[in-house]
Amino acid sequence: MNAIRRFGGAMIVPVLLFPFFGIVVGLAALFKNEQIMGGLADPDGLWYQMWTFMENTGWTVFDHMELIFVIGLPISLAKKAAGRATLAAIVAYLMYNTFINSILDIWGPAFGVDISDGADESTGLTEIAGILTLDTNIMGAIVISSITIWLHNRYYDKKLPDALGIFQGGPFIVMISFFVMIPLAFLTAWIWPTVQNGIASLQGFMVSSGYVGVWLFHFLERILIPTGLHHFIYTPFQFGPAVVDGGITANWVSRLGELAASDTPLREQWEGGAFLLQGNIKIFGSIGIALAIYSTARAEKKKQVGSLLLAATLTAVVAGITEPLEFTFLFIAPLLFLIHALLGATMVTLQSAFGVVGNQAGGLIEMATTNWIPLMGNHWEVYIAQITIGLIFTVIYFYLFRWLIVKFDYALPGREKDENQETKLYTKADYRAEKDDSKKEPAAYASDYDRRAAAFLEGLGGSDNISDVTNCATRLRVTVKDPEQVKDQDYFKNQGEAHGLVKNGQSIQVIVGLSVPQVRDSIEGFIGGNE
């Protein structure tokens, strides 16, 4: 389970690249739409040509999604020398696809694949870095990258005889990968055409599962957030072939111009079903929750709580990152989080009943640029219904949460007992000196990240208690040797300004916020300085 959580966190590294490029493509589709821009959208005009220029580059990560995932995973999962692990992973992936190409070129008919048909959705073939190969999508990329990371973590430090010393480290991992990729390539050539047929059948099943499938998808996506396993719910739909080939995000954005030009209802044009609508929960649900927490805070605490909630709510609504808000009540009142998942899934299902479909997994910016703005012209009724239902649920969220908070007297921000603990932290040098039982005059921190990192490291039991450190979009994920040395949630909130703490045996998650990559770098700097 701990390995799965770490893997889920690593998945966020490549995923975080997609919102920006989705916005670029969405804006291009908007500004090239003749119904919205009028004469400016003349294909022979400079305006249209400039946005075509921007759109073509906006497709970079979508066109090379497999390579993005191959490169992204080692950054978080390699226990050391992440750069060399990344190089090994990309070389292994290229070898894997080259082996497949050779197998199909020589023995293609035996595997039921005609490579002469070229890359096409109907043939199940694609090109990876110019290599014609079977289209294993991100699934193949993730599997090959994961295998290479495992080989790297296990054999990178292997000592070879002096005569073979030149092959130690990264080259040794690539050498092993060369021979590992051969049976994997044959296995893929044998079973993947059958898997592709199965994926096509899965698409039909999911689309035909109706509102039950929509509700269950969004409920699981939300309720699994505390475990970090929610990545495994939405990733196959958003970026993989679970419901549409190439994933919902890429497919939807590529068809924006076509969808905008037609007045046929969106759900009749779009075969991807009503999945990936969780952005509505992030926008409308977050506002209702924040208002409920604010309204139940004590009068003397409202200003302080308001400042806290404003930043967290804006992050959820605009950027689609909900952890800072959700973790303010998740551990104090888990019942509220269950209600949140139930209400959110129900809201999205009702919106889908009114025809809402599309790429709506992120926050307001992504929703507006890839849905509302380019498609409002011919589909405004759908979005008016979506917003109306969303606002109704904002009111439901507010009153239901407010009632539950008061009824059960949950000690949410602004309702807890006052605690005035003075925070006293140290510099990196002072921290290391303290580990050596020596006393030095504390110096100023180089950054606020260092200050928080020192607090977290102390709360985790020190560098000697840490096996590995990774992070996702907002959480620091740490495996510790002795969970008893980890301090309680109040310490992390007061000393390091964390939003919360998840403890599950040796697996620890510190809810840091959007600054978690910088905090992780500082922690690794502390640990490296102690070695």
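The values are calculated or read from the model by the stated rules, or taken from the named source; none is laboratory data. This is a predicted model, so every value here is computed, not measured. Using ideal geometry, Cβ is built from the backbone for each residue, glycine included, and neighbour counts are taken over all protein chains shown. For the accessible areas, the whole protein counts, side chains as well, though only heavy atoms, and no ligand, DNA or RNA atoms are used. Shrake-Rupley method; radii C 1.70, N 1.55, O 1.52, S 1.80 Å.
Each residue of the stretch 102-114 in order: what ³J(HN,Hα) in whole Hz does its phi give by Karplus 6.51 cos²θ - 1.76 cosθ + 1.60, θ = phi - 60°, with x for Gly and Pro?
Once θ is set to phi - 60°, the couplings for the stretch 102-114 become 5, 4, 6, 5, 8, 10, x, x, 5, 9, x, 10, 9 Hz.
For the stretch 257-346, with every protein chain kept in place, what is the accessible area per residue (1.4 Å probe, Å²)? Working shown, then result.
On the way: 3210 Å² over 90 residues.
So the stretch 257-346 comes to 36 Å² accessible per residue, rounded to a whole number.
Could you check how much of the accessible area of the stretch 353-402 is carbon and sulfur, as a whole percent, using a 1.4 Å probe? Mind showing how you got there, number by number?
Details: 1520 of 1910 Å².
Exposed carbon and sulfur together represent 80 percent of the surface.
Any idea how far apart Ala110 and Asp464 come out in nm if each label point goes 7 Å out from Cα toward Cβ?
Inter-label distance under the simple model: 5.9 nm.
Which listed residue (Trp372, Ile182, Tyr156) has the Cα farthest towards the positive end of the charge dipole for the chain, taking +1 on Lys and Arg C-beta and -1 on Asp and Glu C-beta about the Cα centre?
Tyr156
In terms of modelled amide H atoms, which long-range or inter-chain residues lie less than 5 Å from the amide H of Leu125?
Asp120, Asp135
Leaving out ligands, DNA and RNA, what percent of the accessible area of the stretch 254-322 is carbon and sulfur, probe 1.4 Å?
On the way: 1630 of 2720 Å².
That fraction is 60 percent.
Give me the percent of the accessible area of the stretch 102-146 that comes from carbon and sulfur atoms, probe 1.4 Å, all protein chains in place. Walk me through the numbers before you get to the answer.
On the way: 1100 of 2150 Å².
Carbon and sulfur: 51 percent of the exposed surface of the stretch 102-146.
Given 0.36 nm per residue, what is the gain on full extension from Asp482 to Phe167 after removing their alpha carbon distance, in nm?
Numbers: separation 315, 0.36 × 315 = 113.40 nm, distance 3.64 nm.
My answer for the length gained is 109.8 nm.
So what is the relative contact order for the stretch 24-99, in percent, with contacts set as C-alpha pairs under 8 Å and at least six apart?
Numbers: 55 pairs, mean separation 15.5, N = 76.
Relative contact order of the stretch 24-99: 20 percent.
Expressed as a rounded percentage, what relative contact order does the stretch 271-413 have, with Cα pairs under 8 Å and six or more residues apart? Walk me through the intermediate numbers first.
On the way: 181 pairs, mean separation 59.4, N = 143.
Relative contact order for the stretch 271-413 comes out at 42 percent.
Rounded to the nearest 20 Debye, what is the dipole magnitude of the chain about its Cα centre when Lys and Arg each give +1 and Asp and Glu each give -1 at the C-beta? Can you show the working numbers first?
Details: 36 positive and 49 negative charges, 356 e Å.
With only Lys, Arg, Asp and Glu charged at Cβ, the dipole is about 1700 debye.
Let me have the relative contact order for the chain, percent, based on Cα pairs under 8 Å that are six or more residues apart.
After rounding, I find 14 percent.
Collect residues whose amide H, placed 1.01 Å from N in the peptide plane, falls under 5 Å from the amide H of Gly320; neighbours closer than 5 in sequence don't count.
Gly363, Leu364
Need the full-extension length gain, Ile191 to Phe331, defined as separation in residues times 0.36 nm minus the C-alpha distance. One decimal, nm. Numbers along the way, then the final one.
Working: separation 140, 0.36 × 140 = 50.40 nm, distance 4.42 nm.
The span from Ile191 to Phe331 would gain 46.0 nm if fully extended.
Report ³J(HN,Hα) in whole Hz for each residue of the stretch 458-475, in order, from the Karplus equation J = 6.51 cos²θ - 1.76 cosθ + 1.60 where θ = phi - 60°; Gly and Pro get x.
Couplings: 5, x, 8, x, x, 4, 5, 9, 10, 8, 7, 9, 9, 8, 10, 5, 9, 10 Hz.
Can you bin every Cα-Cα distance in the stretch 269-308 into 10 Å intervals starting at zero and give me the percent of pairs per bin, rounded to whole numbers?
26, 32, 20, 13, 8, 1
For the stretch 42-176, with the dipole built from +1 on Lys and Arg beta-carbon atoms and -1 on Asp and Glu ones, taken about the Cα centre, which of Ala81, Tyr48, Ile115 lies farthest toward the positive end?
Positive-end residue among those listed: Ala81.
Taking R0 as 35 Å, what FRET efficiency do you get between Trp47 and Thr264 from their Cβ-Cβ distance, rounded to the nearest 0.05?
Numbers: r = 28 Å, r/R0 = 0.79.
The calculated FRET efficiency here is 0.80.
If you count only protein heavy atoms with a 1.4 Å probe, what accessible area per residue comes out for the stretch 38-146, rounded to a whole Å²?
Spelled out: the 1.4 Å probe surface of the stretch 38-146, per residue, equals 48 Å².
Ordered by residue, what ³J(HN,Hα) values in Hz, to whole numbers, does the stretch 334-342 give under the Karplus form 6.51 cos²θ - 1.76 cosθ + 1.60, where θ = phi - 60° and Gly and Pro are x?
In residue order, the calculated couplings are x, 4, 5, 5, 4, 4, 4, 5, 5 Hz.
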